[in-house]
Amino acid sequence: MKRTDRQAAKPPSSKKSFSKKSASKGSRSPRPKTSRAAHEASEASSARPLREDLVLQASLEAYGMVRHEGRLSDRALDFTLRRKAHLYSTERRAVAERVYALLRRQRTVDYLLSHSRSGFEQLQTTRQDVLRLAASRILHGEPTDVVARDSALTGVDAAALDALPEAAAALEKLPRDQRFPLVASLPDFLAHKFRETFGAEAERATEAMNERAPLTARANLFKGDRAALQKRLEAEGVESQPTPLSPMGLWLNTRINAFSLDSFRDGLFELQDEGSQILGMLVDAPPTRVVDACAGAGGKTLQLAVQMKNRGDLHALDVDAKRIDELRKRARRAGVHNARTQLIPSEGPAADEALAPLKDKADRVLVDAPCSGTGTYRRKPDARYRLSPEDLANHVARQKALLERFSTLVKPGGRLIYGTCSVLREENEAVVEAFLARHPDFSIRPVTEELGPELGAKVSRGPFLRLAPHTHGTDGFFGAILVRAK
């Protein structure tokens with residue numbers, strides 16, 4: 001993705017501690033009537049200067065909903081921008097970019113402001129937030145004088161922005177154990193977990209986690225291959241490039257609401273991170289009986305349907321009725337005919353009863369388990385501030401329970417594929433090891449045997465799929481293939 005050339009403050013702990021990328025795909029603008037209208041509106045508004053007072057007000061509202069009211073960032077932005085119909089498309093993007101950029105660097109920004117602005121912690125909340133948004137913009141490369149003027153900051157507040165490099169130098173001098181959580185902008189317990197996971201690469205890993213994620217599409221092979229999708233997108237004014245790992249993926253380089261494109265409405269693609277696509281590739285679903293046990297809104301379900309060539313029975317299960325409804329809509333748009341959706345209870349005898357007809361009958365069972373989401377912090381930066389050690393322990397307990405439950409659906413000789421979008425060992429390798437200790441009839445199939453030696457060598461660590469932003473440019477993903485003995 002394109003970067004700005006300016007960076008005001010020297011990184012306190014590495015050559016790239018302050019990311020220059022400052023946007024996210026997490027918010028959706030209200031859908032234009034046509035993709036051509038969206039493109040023309042974008043072209044027209046791009047020449048207009050930002051109305052900084054309106055952008056700041058919207059940014060404060062969305063940020064406040066996230067940090068002071070506890071709303072999810074994508075929902076807060078969506079709610080705010082839907083009420084700001086008068087904003088230009090460039091202004092809407094600026095709001096989303098600035099809010100996400102600040103959320104990614106929250107601890108860093110607060111530390112720097114606490115040292116550059118005397119009494120920062122005692123200021124009124126809105127005044128603090130104006131300073132936070134301004135400091136974040138400077139740390140992402142914008143000139144201090146421009147940001148101060150845009151933010152209507154004068155006096156001691158403007159002086160605080162000028163003092164940010166000095167505060168960054170003070171941060172650089174802290175001992176590593178104190179500095180790392182602040183530079184990584186992680187809660188202390190998560191910073192410790194990241195250092196356990198990544199070791200000497202922890203700084204690189206968290207730096208990549210705090211950059212903007214690419215907008216990635218998966219071509220729907222029912223309606224054309226990747227090259228055909230790229231041509232169609234080009235005709236709609238969208239530049240793209242093939243993803244380096246997934247043979248189905250494209251990075252969309254043109255900033256646009258992808259959901260407004262005719263190619264999306266016609267079902268030619270789905271938005272799906274490249275790492276998620278590779279996890280789906282581990283299933284290698286045959287056209288027989290396959291179960292997507294935690295289907296959600298169906299991103300991987302649709303991918304599995306392509307693998308099955310729309311034949312056989314693809315059972316998409318979930319505990320959330322809204323997600324099942326969304327899956328059905330997406331399946332119709334994608335031309336998927338072999339998916340059987342089923343709403344199941346979350347636990348107890350009723351859940352076991354709902355699964356009884358599938359017991360010992362599935363050739364493949366995918367358990368893409370709910371998790372901490374530590375691999376998705378590029379897209380959901382506020383999630384790091386919601387996670388507690390108790391939450392993590394609850395995730396692990398649920399993951400172990402889900403593997404136990406859905407492993408009963410795998411027929412002799414079939415495969416159980418376990419995946420998460422977490423980078424933490426206790427949600428990944430440790431869960432698999434605990435399962436294998438209880439189930440000696442299951443064994444590990446190395447992912448290189450499924451993906452081939454070339455791709456497999458790039459994305460595996462030991463026998464498992466291990467992806468991370470700093471090494472692969474994807475979200476963080478884990479995957480394991482477990483084979484049941486015949």
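What does the convex hull of the alpha-carbon atoms of the stretch 168-222 project to on average, in nm²? Directional mean of the projected Cα hull area for the stretch 168-222 stands at 5.5 nm². Bridge orientation summary for the stretch 274-484: considering DSSP beta bridges with both residues in this region, about 45 percent are antiparallel. Within the stretch 402-429, which residues have the backbone N less than 19 Å from the label spot 7 Å out from SER443 along Cα→beta-carbon, could you tell me? Correct set: 410-418. The value for the chain of Rg(Cα) / (2.2 N^0.38 Å) is 1.01.
What you get for the stretch 371-486, charging only the Cβ of Lys and Arg (+1) and of Asp and Glu (-1), is a dipole of about 200 debye around the Cα centre. Projecting label points 7 angstrom from Cα along Cα→Cβ for ALA85 and ARG48 puts them 1.5 nm apart. Rounded to the nearest 20, the size of the Cβ-charge dipole of the chain about its Cα centre is 920 debye, with Lys and Arg at +1 and Asp and Glu at -1.
Relative to the longest principal axis of the Cα atoms of the chain, helix 429-438 runs at roughly 20 degrees.
Computed FRET efficiency, Cβ-Cβ of ALA434 and THR125, R0 45 Å: what is it to the nearest 0.05? With a Förster radius of 45 Å, E is 0.50. Beta bridges assigned by DSSP with both partners in the chain are antiparallel in approximately 55 percent of cases. Put +1 on the Cβ of every Lys and Arg and -1 on every Asp and Glu Cβ in the chain; which of GLY335, ILE324, GLY119 then has its Cα farthest towards the positive end of the dipole? Selected residue: GLY335. Computed from the C-beta positions of SER114 and ASP391 and an R0 of 35 Å, the FRET efficiency is 0.80 to the nearest 0.05. The trypsin sites (Lys or Arg not before Pro) of the stretch 246-324 that meet both conditions, a loop assignment by DSSP and at most 14 other Cβ atoms within 10 Å of the site Cβ, are LYS309, ARG311. Taking 0.36 nm per residue of separation and subtracting the Cα-Cα distance, full extension of the segment from ASP360 to HIS337 would add 5.9 nm. Divided by 2.2 N^0.38 Å, where N counts the residues, the Cα radius of gyration of the stretch 288-336 comes to 1.02.
Applying 0.36 nm per residue to the separation of ASP284 and LYS309 and subtracting their alpha-carbon distance, the gain on full extension is 7.9 nm. A Förster distance of 35 Å, applied to the separation of the beta-carbon atoms of ARG405 and THR154, puts the FRET efficiency at 0.05.
Where a ≥ b ≥ c are the square roots of the eigenvalues of the C-alpha gyration tensor, would you call the stretch 160-294 rounded, which needs a/c under 1.5, or, failing that, prolate if a/b is larger than b/c, or oblate? Here the stretch 160-294 falls in the oblate category. The lysine pair count for the stretch 274-484, using Cα distances under 22 Å and pairs eight or more places apart or on different chains, is 18. One way to sum up the overall shape of the stretch 216-271 is the equivalent ellipsoid from its Cα gyration tensor, whose semi-axes run 15, 13, 10 Å, largest first. Extension gain, ASP325 to PHE189: 0.36 nm times the residue separation minus the Cα-Cα distance gives 45.3 nm. Listed peptides 328-339, 86-97, 386-397 appear in the order 86-97, 328-339, 386-397 once ranked by packing, highest mean of other Cβ atoms within 10 Å at the front. Every helix of 4 or more DSSP H residues in the chain counts as -39500 (n - 2.57), and over all residues that averages to -14000 deg cm²/dmol at 222 nm.
Helix 125-139 and the long axis of the chain differ in direction by around 80°, with both axes built from C-alpha atoms.
Only the coordinates and a few stated rules stand behind these numbers; no lab work does. Because the structure is predicted, anything quoted here is derived from the model rather than measured. Quick reminder, even Gly has a Cβ in these numbers, built from the backbone with ideal geometry, and neighbours come from all protein chains shown.
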